[in-house]
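Okay, structure first, notes after.
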Amino acid sequence: MTPAKRAMDLMCALGLMALLAVPFSLVLLALLAIEGRPLFYVAERMHAPGKPFRLWKLRTMRPSSQNGGVSGGDKADRITRTGRFLRRTRLDEVPQLWNVVRGDMSFVGPRPPLRSYVERFPDLYAQVLQSRPGITGLATLMFHRHEEILLAACHTPAETDAVYSRRCVPRKAALDLIYQRRRNVCFDLILMVRTLQPRARRRKIRPAAKGASRKVPPTP
């Protein structure tokens with residue numbers, strides 16, 4: 001992470017935390033009244049091979065003792081009504097501003113992976129995680145909706161894991177590596193602005209268009 005990227009992360013994160021302090025407090029009070037405790041979901045993610053951190057989100061599912069793994073169709077019935085709204089608006093990711101301030105994450109980069117996938121595909125993630133994980137990124141903008149569709153069709157944890165490993169991991173990694181080759185502060189700002197736009201208004205991101213035509217690397 002360059003000093004300029006880190007400085008931009010800190011300025012944006014601290015500014016947003018100050019701006020959102022009151023409305024986010026009201027959201028927390030509403031969630032407490034509607035859903036009860038716990039308000040937050042804290043899970044282990046990796047910001048480099050062998051370097052885990054605790055990622056913070058608002059809870060969007062009913063608590064369960066079996067909460068590990070990627071979320072697919074097998075977990076759909078556990079998502080609460082307010083949880084669907086939080087996910088659709090990405091308000092569930094606001095607590096990750098704290099992860100950005102701590103230095104666990106950046107605003108822009110690959111989504112932080114689960115330990116199991118980093119250990120399963122060590123060579124691939126050794127490359128991808130040379131970029132600090134981010135709240136948003138090229139893969140998030142270009143592949144997230146397709147990933148949702150693929151995983152929604154899964155009915156068991158094993159099926160979700162198989163589809164994610166075979167069809168999502170390599171494609172997301174390909175986009176993350178395109179971002180890694182082209183990353184700079186201006187590109188980060190473009191991706192952050194695109195993240196705030198409604199999906200219907202997003203245009204194709206030019207820096208990705210050229211690289212996206214390259215052959216996607218095979219599943220490790």
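Overview of values
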| quantity | calculated |
| --- | --- |
| Tally of residues being surrounded by fewer than 17 Cβ atoms within 10 Å (Cβ to Cβ) and β-branched (V, I, T) across segment 90-126 | 1 |
| Residue list for segment 72-99, restricted to those being in contact (Cβ under 8 Å) with a residue 60 or more places away in the chain and in contact with a Leu (Cβ under 8 Å, 6 or more places away or on another chain) | G72, G73, L91, V94, L97 |
| Some residue of segment 43-53 being within 28 Å of L189 (Cβ to Cβ), within 18 Å of the chain's Cα centre (by Cα), free of Cβ contacts under 8 Å to residues at least 40 places away in the same chain and not in a helix (DSSP H, G or I) | yes |
| Test for V100: is it of a type outside the set (D, E) and in contact with a Phe, Trp or Tyr (Cβ under 8 Å, 6 or more places away or on another chain) | yes |
| Test: G36 is out of contact with any Lys or Arg (no Cβ under 6 Å at 6 or more places or on another chain), exposed (fewer than 15 other Cβ atoms within 10 Å of the Cβ) and at positive phi | yes |
| Selection from segment 54-91 of residues that are of a type outside the set (S, T, N, Q), part of a loop (DSSP other than H, G, I, E, B) and under 25 Å from G134 (Cα atoms) | R59, G68, G69, V70, G72, R90 |
| Filter result for the condition that a residue is touching a strand residue (DSSP E or B) at 6+ places or on another chain (Cβ under 8 Å), more than 23 Å from M11 (Cα to Cα), among the aromatic types (F, W, Y) and outside any loop (DSSP other than H, G, I, E, B), over Y125, Y117 | Y125 |
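No lab work stands behind these numbers, since they all come straight from the coordinates. Owing to the predicted nature of the structure, the values given are computational and were not obtained by experimental measurement. A quick note on method: Cβ atoms are made from the backbone with ideal geometry, for glycine too, and the neighbour counts reach across all protein chains shown.
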